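Remarks on the structure that follows.
The values are calculated or read from the model by the stated rules, or taken from the named source; none is laboratory data. Computed from a prediction, not measured in an experiment: that's the story for all the values here. Here the Cβ positions follow ideal geometry from the backbone for every residue, glycine too, while neighbour counts run over all protein chains shown.
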């Protein structure tokens, strides 16, 4: 009887490691875009569930990575990545000291921003405004769309454990949202 319980526990552990967690409470709430000449500006808002917010409030450092990409839609081939931007936001909260900061980085700059309240920090960290993407060189008659992907990175395990448990995912969640066909290209 005892061996059967150990076997059941081992099977349950393996199933829990290989099945992704169902995180339906996180969603990309809004993707707004505007085309102006050969530039496009995109704004993205992420909404997370209360358990994630409470972990951040308790002091857990969280990193959210936003990928804002332009894809070309093909009828027979898979969609083609054209260009995009990567923005990383690392949230650090210390409620005891009253310190709330977000470190935001993209391809060109790193910005460290401090806040007076947890609510204002969270609002700024989960909203990416006016990301400029150059559209020069895109074909005029081709259909394009925007794909926004957001990942929440877990705290990295010690390096030795990372080698042993290489099959365990290092992301809390990964969600994506596609817009409808929005561009017919511009030159």
Open item on the list: Looking at 48, 28, can you tell me which residue is at pLDDT 80 or above and out of contact with any strand residue (DSSP E or B) (no Cβ under 7 Å at 6 or more places or on another chain)?
Closed with: 48
Open item on the list: Every residue in region 39-58 that is in a loop (DSSP other than H, G, I, E, B) and surrounded by 13 or more Cβ atoms within 10 Å (Cβ to Cβ), please.
Closed with: 48, 49
- [ ] Please state which of the following conditions residue 125 fails to meet, knowing it meets all the rest: (1) under 18 Å from residue 65 (Cβ atoms); (2) free of Cβ contacts under 8 Å to residues at least 40 places away in the same chain.
- [x] (2)
